[in-house]
Structures are given as C-alpha cells and as structure tokens.
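The values are calculated or read from the model by the stated rules, or taken from the named source; none is laboratory data. None of these values were measured; they are calculated from a predicted model. Note that each Cβ is placed from the backbone with ideal geometry, even for glycine, and that neighbours are counted across all protein chains shown. Just so you know, the surface numbers come from the protein's heavy atoms only, side chains and all, with ligands and any DNA or RNA stripped out. Shrake-Rupley method; radii C 1.70, N 1.55, O 1.52, S 1.80 Å.
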Amino acid sequence: MSDTPAPKSLRAVGNFIDDRFHLAKTGEKNLRKVFPNHWSFMLGEIALYSFIILLLTGVFLTLWFKPSMTEIVYDGSYERLNGVLMSEAYASTLHITFDVRGGLLMRQIHHWAALIFVASMTIHMLRVFFTGAFRKPREINWTIGAIILLLSFVEGLFGYSLPDDLPSGMGVRILQGVILSIPVIGTYVMMFLFGGEFPGEDIIPRLYMLHILLIPGILLALIVAHFMILWHQKHTQYPGTGRTEKKVVGTPMYPAFAVKAGGFFFFTFAVIVGLSAFVQINPIHLFGPFTPTSITSGLQPDWYMGFMEGALRIFPNWFDFNIAGYAVPVAVLVPGLGSLGLLAVALIAWPWIEQWITRDREHHNVADRPRNAPTRTALGVAASVVYGLLWLAGSNDIISETFSINLYLTTWIFRVGVIVGPVVAFIVTKRICLGLQRRDRETLEHGYESGTIEQLPSGEFIEVHKTSSPETVHVLRSKRPVPRIDVEATDEEGVESPEARSVMGRLRNRLAHWYTKDNISFEGVEPHSGHHLHHGHATAGAEQEPANTH
Amino acid sequence: MTDNNNLNGAGAGAEGRDRVIGTPTADGDTLVSGTEESAASSQQRHIGPYPAVETHPRTEEQQRKGERSAALWFLVAFVSGVGFLVSYFLFPPAADGAPSIAHPATAQLANMAMGGTLALSLFAIGAGMTVWARQVMPHYEVSTPYDELPSSPKEKSSFSDFFMRGAHESGFTKRPLMRRTLIAAMLPLGLAPVVLLRDTGPLPGDRLKHTMWESGMRMVVEGTDREIRATDLDRVGGMISALPKAPHEGEHGHGLTLNEQAKAVILLIKMDEFGPDMTEQQRSWTADGIVAYSKICTHVGCPAALYERTTHRILCPCHQSTFDAANGAKVVFGPAHRPLPQLPLRVDDEGYLVAAGDFSSAVGPTFWDAEKGD
C-alpha cells in the first residue's frame, strides 16, 4: 500500500505542470513544510478563514447594495418604514434583508465574520507578543501584522457606516467630529473627504470604494506577504525535547496538516454561520434611517472601536486650549486620533524598542514562556488592562444603567482606573512571573513533590521529591540566561564607555537594567538527579534544610 | 493487512501511541508487533530528507471505525446541505398573501432555517475531516532545520560587488547631472495625485460658521409642519426639538436637506429662571423665558437630545457631555469644551417664535477657527 504508483491521469496533470514550471522539487519541499502543533498556532488561522468568509459574503452583498445617499421615499417590502424618507443605501440594505433570500443571513455572516476577524487577530497578536515570537528574524512580519490589524479597524468602521442606519450614520458623524479637531488642516480634510459639509452626498459612495476595493486590496496584499514570510522563515515553536533553535518539529503540510486545517476552516465557518443564524446582529430595520438630528441612548460601536469610544467618553476637557483664538480640542484629538496613533506606534515599534533595550541581536525560533520575560509580560498585561478599561468605558452608560451607578461616577472610576490599573497590573504580573520562575528553578533543582512521606532515621518526616520527566526538564531548561546590564559598568581601567555617558546611552542602560534586573538566574542549576538527600544531608541529624522538608 | 494484525491490533495500537515502533514492550520480551508491517510501510511512506522521529499508525480496525464515522459526518453534511437548498426555496420573497421573507418574523425564521442547515453542514464537514485526520491517518511529527537566514559572507560580498558594478556601469553613481534631473523629473509627478484630489470637495471658507437661520424665520417642530408659538412650550414639558420653517412640496419631510438640518436643529427650552452665568446679551436672546440652543454637541457632533427638567441639564447620549441650559449651556461635565451655541429668539406679532439672527458661534464639533470671527 505504500508504493502505489500515481494514477496515470494524475501523472499526466503533474507532468503538464512540471513541464512548464519545473515544480517537482519545490512542490515536494513545500508539501513537506512542517507546522508545529499547538492550539495557540490556530488563532491566526481563524483570522485568515474569517477574512476569506468576509470576501465571499462581501461580494454577495455588493450585488444589491446601492452606495447612494440620494433621498427617496421608501415603498418596499418592510411595511413599517413605508413612506419614510431615507437614503438609497439604507433602502437597498432593507431590500437585501427582506427581498433577497439569504440576504439577511449573508449580512449577518459578514458582520459576525468581521467581529471575529478582528478578535482573532487581536488574540493572535497577544500570543505572539507574550511568547516573544516577534523577535528577530520575525520583526517585519510582526509589523505587517500590526498594520493589518489597524487597517481592519478602519475597514470595519467604514463597513459599519455603509447601511446608513441611525447608529451607522452617528459613527460617521463622530468620525467627522474627530477629523474637524485636527489643528489647521482639519476643516480642509473634512471638506475634501465629505465633498462639502456633513453629511453631504458623497461620503457613502467614497467609503464604499474604500471598503470594497482599496482597503481589502491592501489587506489581501499584506496578508499574502504575512503568509509568505511565515512560510519562508518557518514557525516558531514552544520549547520541548528535540525542538531547538536550529530545527522545527511538527506535522507536515501534506497530508495531515492540510486535512486538519481544512477541517478547521469548516469549523470556523460553521461557528460564524451558526451565530448568524441564531444571534441577531445589527438589525438596521429596527434602528431606522440616519438623520443628523435624531439619536438614541445606549449606542454602541462594534467591539473593536470600543476603546476609542471609551477614550472619547472619559477624556476630560481640561486640556483644551486656544492659540491666538484658534481652538485645539485636545479632548477630541487625544482620544480620537491619539489613542489609535499611540497603539499603532507602540505595536509597530515594539520589536525594535525591545531589541534596543536588551541588545539582543540573535535569531530566535523557540518561543519564550511568558514568565521567562517578566518585564515584557508585565508591560503586555498593563497595556491590555488600559485597553480593556477604555473598552469598558465605551459602554459606561450601559454599565451605569445595569448596575444603577451614577453615570458621572462611572466616568470617574474609569478615569482613575486607566491610570492606576496598569501600574497595579504591571507589578502584580511581574511578581507572578518571578514567582513562577522561582518555582521552575526549584522543580528543576529538586524534582517535583511526589506526595510520598518518608521517615528519616532521625525520626523526621520528609516529602520525597522525584525526578521530573525529561520533557519537563527540557522545558524548564529552555530559559535563556538573561544578561544583566550593569549600569555602572566600566572597562578594565575604570573608564565608562563613551556610549554609557551619552544621554541616550544612559537611558538605554537604565532601561536595560530595569528590564532584566529581577530575572531569576538558572545558571549553575543542575536538574534533580533522583535521590532526595542530595545536598547537605551527610549527617542524619542535620535536617534543617527547609528546601527539602516542605 | 491480515486478520492477525487486527486481532492483536487494538492493544498494540494503543500502546504504539506512546512508544517508538520497534522498541521492546513494557515486559521487555517482544518488540511492538501487530502493526509492525503497516508501521514500517507508513514510515517509508513519509520518508524523505527528514524522517519522522516516531510514527503512531492507526490499526486497520481504528481506520475502519474512523472511516465509518467520517463517512457518517459527511452524510450529515450532505443531508443538511440539501436542507439548506430546500429552505432557500421554502421561504419565497414578497408574494401576495403567502408568508414571505418580507415579514420580519418570517425573515427571521428563514434566516434560522438557512443558517442552521448551512452551519450544520459546514460543521459536519469539519468534523468528518477531523475524524479522518485523527483516526485514519498515522500521526507523526517530522523536523526540518530552520534556514540559516544570513547569507554567507562570500555570497554577500559577491552580491555587493555585482550590484555596485552594475551601478557604475549604468552611470547612475558617476553622472550626478542625470541622476539629479531624473529625481527632479519625478517630483511634480509625485505631487500630481495629491493635486488631483483637490476637487473632492470645496474649501471650508467660513461656511462651517453660518447656518440658514435668519432674523424673522419661523420654526417648526422637528418632523412636522407645525409652527411653534411661544405658548406651546408650556404644554409639552418644557422642551421641543425644532427646525427652521421652509416652504416645500409633497407630504414628506420639512423641505430641508440633511446638511441644513444637521446645522440648524435647535432645542427650545422654557426656563423658569436663568442662572447667574447667563450674560445680559444671552438673556436678551431669550423670549418669554424660552431659550434656544443648537442641538448638535460641540464635542463630536451627536445630537445632545436628553434634557432633564429638574436640573436643567442637557446631556449628549454619545459621550455624556453635559450642558447647563440655565447658564448659557456651559459645559458642566464631560469631554465637550465649548458651550452649545445659542440662537437669538423673539416673538413675532402673531405670537410665533422666530429667530432674531444666526447662532452666537459656530455650530457642531469644535474646529480650528471655530471661535474666530469672520
């Protein structure tokens, strides 16, 4: 059964292709590509599959959607809105919902897939961050990933704006307000984007073009680049026996991974379709058409815009100022553009910032365990806390109503929270990481607690420690020695290096010290060899060593 | 595959999952057997430059079971796929009399039927493929070396020599006149796309600072044609959302474009008394205790539509900017900075409320020159 020759027809196809492309060798190499096995490597896959679903359903929706702001009087299948003035965009969305079979389903799949697309990318990115998989040589792919994520926010916002229902138009209104706040050029940018004053008749056709052509085109190109780089550099992998910086271990692409990944695509698709079938999303027919004079309370953006919405809500107006009579609305600029800008810069620059601090120029193929990079992990958690609090602040009115808390009090809680929260999160996370490191070190040195109690000749009871499995020892020993940067370092003659004396050099040394100072050293730790009385128990009476007797 | 393999296959297969084929079993006297033949052959099958460390083949019995359950899943997928097609035709679009998806409840039902069958079909395909991969295919991991990413110094210097030779050959480095004029030639073309965008919209000028309100213009309740008298405010709980009255034909709307509405909409509020922060000028813009403020929030432009009579506060539901209606709509909480612009009011000879001019300042989100005069 192993050496079945390829059937004649298949050989013919293969030869046809190979005659023209010389693919036998490359083809085999790529079909043998190794995919390490771990659940967390499937997060990026979910994002990829949702993107495919978005493309498919998006094409379907364009068959009927009319990106036009021409006002018409509705006279269609949805009787409750008959006789109401609305844009053609809104009317055509009603048409897709109530006249096109499967239209409602496709709309809901498109919306759910968009939410899951951004969510899976976010979690994928957190995974890559916390395991240090962004380190050299993969910084560029991290950057591409960050740009994909940020572009998707914009893509999602624009898509949300197209149906021209009340919340969607309000989103465009807020976008317009934020653009207007840009000093000097804000009014020009807004006039050019909207083709005049708000709302005008141009914004939906233009957002439509951006949403279905320009941004998806760029996204597709970036996703292809992301994938090709990944293919070329190969995956990172978690520490384990046989997995080294030089060698990647996993399931080959063909046949097993291809079938598993195919199955996973269908699972992803099934979950999204299942949600779309049974969980209503964005019922635009209930919201009614957009008018700039109406509003409803409890408006919520799609989840990925929540952090900006929250920032807009809690940022106080104390910093707004005027220069020679010209207004600078800081309370719009900072949360509206600054929050996104800060996120963009932090994400894109992080691999290089960390490299600069740690002077780590090596190639890394084995992922870090988050605990072994405590400062990075703590920073990541602190940033996530800020993001999470801003995100929650985006629904402070709903929190206020649900829990009967004063509305302004919720604002204050979040204002204080985004400052105190990350500090607490940083300290706590770092301590947890260091605690885990100590436990690792102890497990490595003394083996694991077996639960067996033994009585020594002296009458004392001790718990027997047993040797950890080779796999555990391997994983524990994967912790890399952390070079501690000594801030006061001098050369043999007691002279500081010129670099250490410059302002940037000093800053860099201080940061490096801060980044590495607390790390637990595993150097010189020998794995537990199996006998439990291996240090300091030459005499049976000297059982004061606490490490052995817990 | 022989029957013999199947007989002891179950035990050896389970064991084989944890151990390397060909190593002694736990009791030490026999090699892992039973699946040895298939194991050896499956190892051969994926032999290549990087052979698998361990292979865990599935026994014939396991494979057969796997095949059966995968096939069952695929059948489920087929049936629910057919169900999807059926439910597509089950619910027709707008038909007279018959239940159609034009009715929201039927649309929802159709959505559940189509979505449910489609989801089940997709799920079953996924499940079948997973069973296939896990129970029919052998499990093994192979390893490949990571590519040595930096090129060797020899390759690098060869490339660098080649590249520089080409650069010299082309004259690009040696002939600055040509190089610089070429760069200069590109510059205007680089600007062209920016210039081409000029006609996407008009220049702002001072159009953001003015609205259609003029002295003597009457106002109507938003959404209706009813003109507002000063006395109307007493009946409706103190607050009316209003727009300028404009002549129009037809039964729909108020003859205003969305652009006009977006700037002209006002809140009319009847106050018992005004606060100390209300200037003389602001008081003079009120009529019979009625004050008019722009309804558009000065933060990012949502309608500040919530009014609480007891505290005379106007709240924008988007970002909770709060304005004090009794004190010139100054900001009392939230991210907005500028007060809501006030519209001067008076009462005309027939008792109708009319505007006495345009707003006191620019309406809507604050922009660069919003607080500058014309």
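Assign one of three labels to the stretch A:266-338, namely rounded, prolate or oblate, based on the Cα gyration tensor with a ≥ b ≥ c the square roots of its eigenvalues; rounded applies when a/c is under 1.5, prolate when it is not and a/b is larger than b/c, and oblate otherwise. Don't jump to the answer; show the numbers that get you there.
Numbers: a/c = 4.04, a/b = 2.09, b/c = 1.93.
Since a/c reaches 1.5 and a/b is larger than b/c, the shape of the stretch A:266-338 is classed as prolate.
Quote the FRET efficiency, to the nearest 0.05, computed for B:Ser151 versus B:Ala192 with a Förster distance R0 of 35 Å and r equal to the Cβ-Cβ distance.
Approximately 0.35, to the nearest 0.05.
For A:Leu10, B:Leu268, give me the order by solvent-accessible area with a 1.4 Å probe, most accessible first, ignoring ligands, DNA and RNA.
The most accessible residue leads, giving A:Leu10, B:Leu268.
Using a 1.4 Å probe and counting only protein heavy atoms, arrange B:Leu75, A:Leu275, A:Leu105 so the residue with the most accessible area comes first.
So the residues, ranked largest to smallest area, are B:Leu75, A:Leu275, A:Leu105.
Determine the gain in length on full extension of the stretch A:Ala221-A:Ala119; use 0.36 nm per residue of separation and subtract their C-alpha separation, reporting nm with one decimal. Don't skip to the end; give the middle numbers.
Working: separation 102, 0.36 × 102 = 36.72 nm, distance 2.03 nm.
Extending this stretch completely gives an extra 34.7 nm.
Report, as a whole number in µm² per second, the diffusion coefficient that Stokes-Einstein gives for the stretch A:315-401 at 10 °C and 1.306 mPa s using the Kirkwood radius over alpha carbon pairs.
97 µm²/s
Over chain A, with the other protein chains present, what is the accessible area per residue in square angstrom, probe 1.4 angstrom? Numbers along the way, then the final one.
Numbers: 25610 Å² over 550 residues.
Roughly 47 Å² per residue, with all protein chains present.
Please report the orientation-averaged projected area of the stretch A:45-154, defined via the convex hull of its C-alpha atoms, in nm². Can you show the working numbers first?
Details: hull surface 33.0 nm².
Orientation-averaged projected area of the Cα hull: 8.2 nm².
Starting from the amide H of A:Lys247, placed 1.01 Å from N in the peptide plane, find each other amide H under 5 Å away whose residue is 5 or more places distant or on another chain.
The list, which skips near neighbours in sequence, is B:Tyr146.
Translational diffusion coefficient, Stokes-Einstein: compute it for the stretch B:210-368 using the Kirkwood radius over C-alpha pairs as Rh, at 4 °C and 1.567 mPa s, and state it as an integer in µm² s⁻¹. Before the final figure, lay out each step's value.
Numbers: Rh = 15.5 Å.
This corresponds to a translational diffusion coefficient of 84 µm²/s.
May I have the convex hull volume per residue, in Å³, for the Cα set of the stretch B:60-200?
In the stretch B:60-200, the Cα hull volume divided by residue count equals 283 Å³.
Percent of alpha carbon pairs in chain A separated by more than 34 Å?
Value for chain A (Cα pairs over 34 Å): 55 percent.
Evaluate Rg over Rh across the protein assembly as shown, taking Cα atoms for both radii and Kirkwood's formula for Rh.
1.04
Scanning chain A for trypsin sites (Lys or Arg not before Pro) in DSSP loops with at most 14 other Cβ atoms within 10 Å, what's the longest stretch left with none?
By the stated rule (loop sites, at most 14 other Cβ atoms within 10 Å), A:1-245.
What percent of all Cα-Cα pairs in the stretch A:287-440 falls in each 10 Å bin, counting up from 0?
9, 27, 30, 21, 9, 3, 0
I need the phi-derived Karplus couplings for the stretch A:19-34: 6.51 cos²θ - 1.76 cosθ + 1.60, θ = phi - 60°, integer Hz, Gly and Pro marked x.
Each residue's phi maps through the Karplus curve to give 4, 9, 10, 6, 10, 4, 6, 4, x, 5, 4, 6, 5, 8, 3, 8 Hz.
Need one number: buried accessible surface between chains B and A, 1.4 Å probe, both sides summed, DNA, RNA and ligands left out, in Å² to 100.
8600 Å²
For the stretch A:114-119, in order, what is each residue's ³J(HN,Hα) by Karplus, 6.51 cos²θ - 1.76 cosθ + 1.60 with θ = phi - 60°, in whole Hz (x at glycine and Pro)?
Those phi angles translate into 5, 4, 6, 4, 5, 5 Hz.
Using the alpha carbons of the stretch B:306-348, what is the convex hull volume per residue in cubic angstrom, as a whole number?
Dividing the Cα hull volume of the stretch B:306-348 by its residues yields 87 Å³.
For B:Glu61 and A:Leu434, what is the calculated FRET efficiency with R₀ set at 51 Å and r taken between the beta-carbons, to the nearest 0.05?
On the way: r = 51 Å, r/R0 = 1.00.
Efficiency, rounded to the nearest 0.05: 0.50.
Measure up A:Lys260/A:Lys430; A:Lys234/B:Lys174; A:Lys234/B:Lys154 against 31 Å on the Cα-Cα distance and list the ones that go over.
Correct reply: A:Lys260/A:Lys430; A:Lys234/B:Lys174.
If I take R0 = 25 Å and measure r between the Cβ atoms of A:Glu245 and A:Asn30 in this structure, what FRET efficiency does the formula 1/(1 + (r/R0)^6) give, to the nearest 0.05?
Working: r = 23 Å, r/R0 = 0.90.
About 0.65, to the nearest 0.05.
Over the stretch B:183-239, give the accessible area per residue in Å² for a 1.4 Å probe, as an integer.
With the other protein chains kept in place, the stretch B:183-239 gives 63 Å² per residue.
Using only the Cα atoms, what convex hull volume per residue in Å³ does the stretch A:34-290 have? Show your work: numbers first, answer last.
Values: hull volume 35.7 nm³, N = 257.
That works out to 139 Å³ per residue.
When Lys and Arg each count +1 and Asp and Glu each count -1, what net charge do the other residues less than 12 Å away from A:Arg441, Cβ to Cβ, add up to?
Numbers: positive: A:Arg371, A:Arg438, A:Arg439, A:Arg477, A:Lys479; negative: A:Asp440, A:Glu442, A:Glu445, A:Glu523, A:Glu526.
Overall, the nearby charge balance is 0.
Using 0.36 nm per residue of separation minus the Cα-Cα distance, give me the extension gain between B:Asp272 and B:Arg226 in nm, one decimal.
On the way: separation 46, 0.36 × 46 = 16.56 nm, distance 2.45 nm.
Contour length minus Cα-Cα distance gives 14.1 nm.
Relative to the present Cα-Cα distance, how much length would full extension add between A:Ile17 and A:Leu407 at 0.36 nm per residue of separation?
Length difference between fully extended and current span is 133.7 nm.
Hey, rough spin-label estimate for A:Trp64 and B:Leu75, points 7 angstrom out along Cα→Cβ, what's it come to in nanometres?
3.6 nm
With θ set to phi - 60° and the Karplus curve 6.51 cos²θ - 1.76 cosθ + 1.60, what are the ³J(HN,Hα) couplings of the stretch B:176-190 in order, to the nearest whole Hz, using x for Gly and Pro?
x, 4, 5, 4, 5, 5, 5, 4, 4, 5, 6, 4, x, 5, x
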